[in-house]
1. Please turn the phi angles of the range 38-43 into ³J(HN,Hα) values with the Karplus equation 6.51 cos²θ - 1.76 cosθ + 1.60 (θ = phi - 60°), one per residue in order, whole Hz, x for glycine and proline.
2. Extending each Cα 7 Å along its Cβ direction at K29 and K12, get the distance between those two points in nm, one decimal.
3. Let me see the pair-distance distribution of the range 3-88: every alpha carbon pair, 10 Å bin width, integer percents in order.
4. Once phi is turned into ³J(HN,Hα) by the Karplus curve 6.51 cos²θ - 1.76 cosθ + 1.60 with θ = phi - 60°, what whole-Hz value does each residue of the range 2-17 show in order, with x for glycine and proline?
5. Summing Lys, Arg as +1 and Asp, Glu as -1, what charge do residues with Cβ under 12 Å from the Cβ of H23 carry, H23 excluded?
Amino acid sequence: MEYYVYILESLKTGRHYVGVTKHPAQRLKQHNAGSVPSTKPFRPWRLLGADGCLNLTTARGIEKRLKRSRNRNSLERFLRRASLVPTSDPQGRSPDSHKGGRDSSFGGDRDC
């Protein structure tokens with residue numbers, strides 16, 4: 001079964017939340033329903049993106065790196081790598097202008 005690393009954005013505060021699940025859409029509903037204590041005060045949430053991994057160990061490793069970094073650039077790199085970004089970034093550049101080499105900070109040889 002495939003696991004997904006997902007990133008949510010609070011529509012209330014702009015804060016981000018990173019998690020792992022098998023069902024991103026269902027998990028988003030749980031976050032927005034207030035079923036997750038750590039995200040309840042920051043509702044509503046929107047799903048920025050999710051990237052599938054073949055196993056839970058790999059997904060948890062990526063989740064841990066993203067949470068540990070607490071860096072917007074890390075989240076943006078993850079979303080770009082997963083091809084989940086809008087057509088331009090806040091500086092107005094297209095996602096293609098960021099490509100140059102594969103970002104290995106999320107494991108270039110992983111099962112995602």
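No value in this document is a laboratory result; all are computed from the given coordinates. As the structure is a computational prediction, the values presented were derived from the model and not from experiment. So basically every Cβ, Gly included, is an ideal-geometry build from the backbone, and we count neighbours across all protein chains shown.
1. 6, 10, 3, x, 10, 5
2. 2.1 nm
3. Reading upward from the zero bin: 18, 52, 28, 1.
4. 8, 10, 10, 8, 10, 10, 10, 10, 6, 6, 7, 10, x, 5, 10, 9
5. +2
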